[in-house]
Amino acid sequence: METKFNMPQIKICGITTPAQAEQCADLGVDAIGCVFFEKSPRDLSDEQAREICAAVAGKIQTVGVFVNASYETIMGKVGFCGLNGVQLHGSEPPELVTRLRRQGLIVIKALFGSKTPGLDTGPLYHTASALLAECGSGTLPGGNAKTWNWADAKPVARHAPLVLAGGLSLENIAAAVSAALPDAVDVSSGVEAAPGIKDMNKIALFINNIQQTVSGTSPERPLRRIF
């Protein structure tokens, strides 16, 4: 669905407590991400994720972040935790995206500037609710605070709504949004006091900086809602 305004939606990834989730909802965030990846400092148990989802049920969208997990694993966590959507942040095939979409889930597929699947593979994942574009550098699949040439993400929007990620922070979000013109932005480490500990003042400033950037401007294309 197209928005009637030019404000990208905002997803805060790597939420680790119900209190963080509730505060994000109060600030007007559109979605939060619950990470299911053991190597991440933001990794959650199923029980933790369930508590987070319950705290904001009906307020904002909750998205589980997975890296090369099986359909059965993903759907098990969706059902137990009460997730509204999933983000596939590995080398998952297009068939998995389609299968998950058939379950009525929001499905975001990550594409990368420096590894596979690359930014040019968007047509293969056309059934996704949205495509997330980021650099792909760093030791983790995401949350590495690595900036990149955000304009490289812009063509991805031809194939599906675009979620921009990769090294975003309150200091650079204005430049990133202006360069890529995303439908949504996804930030984790850029609004943290420490890994897994979100700084609500940073999140508020992050949102404000986006609002200031788009205020009084007209987007090149209608923005689309993902969450």
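The values are calculated or read from the model by the stated rules, or taken from the named source; none is laboratory data. Keep in mind the model is a prediction, meaning the values are calculated, not measured. FYI the Cβ positions are ideal-geometry reconstructions off the backbone, even for glycines, and counts take in every protein chain you see.
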- Query: Out of (1) at positive phi; (2) surrounded by 16 or more Cβ atoms within 10 Å (Cβ to Cβ); (3) without any contact (Cβ under 8 Å) to a residue 24 or more places away in the chain, the odd one out for GLY136 is which?
  - Reply: (3)
- Name the pairs: first residue in the range 163-176 and more than 17 Å from LEU132 (Cβ to Cβ), second residue part of a helix (DSSP H, G or I) and hydroxyl-bearing (Ser, Thr, Tyr), Cβ to Cβ under 8 Å, at least 6 apart or on different chains? ALA174/THR213
- Message: Return the residues of the range 163-183 that are over 17 Å from THR217 (Cβ atoms), hydrophobic (A, V, I, L, M, F, W, C) and touching a strand residue (DSSP E or B) at 6+ places or on another chain (Cβ under 7 Å); say none if nothing qualifies.
- Response: VAL163, ALA165, LEU168
- Would you pick out the residues in the range 80-139 that are of a type in the set (Asp, Glu) and over 23 Å from ALA31 (Cα atoms)? GLU95, ASP120
- Message: I'd like to check something: does the range 206-223 contain any residue that is touching a strand residue (DSSP E or B) at 6+ places or on another chain (Cβ under 8 Å) and at pLDDT below 95?
- Response: yes
- Within the range 142-225, strands (runs of 3 or more DSSP E) holding 3 or more residues that are aliphatic (A, V, I, L, M) and surrounded by 14 or more Cβ atoms within 10 Å (Cβ to Cβ): 162-164, 184-187
- Of the conditions (1) at pLDDT 95 or above; (2) within 14 Å of PHE112 (Cβ to Cβ), the single one that VAL191 does not satisfy is (2)
- Pairs returned, first residue in the range 82-101 that is farther than 22 Å from SER45 by Cα, second residue that is assigned to a loop (DSSP other than H, G, I, E, B) and of a type in the set (Val, Ile, Thr), beta-carbon separation under 8 angstrom, 6 or more apart or interchain, are SER91/THR116; PRO94/THR127; VAL97/THR127; THR98/THR127; ARG101/THR127
- Query: Restricted to the range 113-123, and to residues that are surrounded by fewer than 20 Cβ atoms within 10 Å (Cβ to Cβ) and part of a helix (DSSP H, G or I), which residue is nearest to the chain's Cα centre (by Cα)?
  - Reply: LEU119
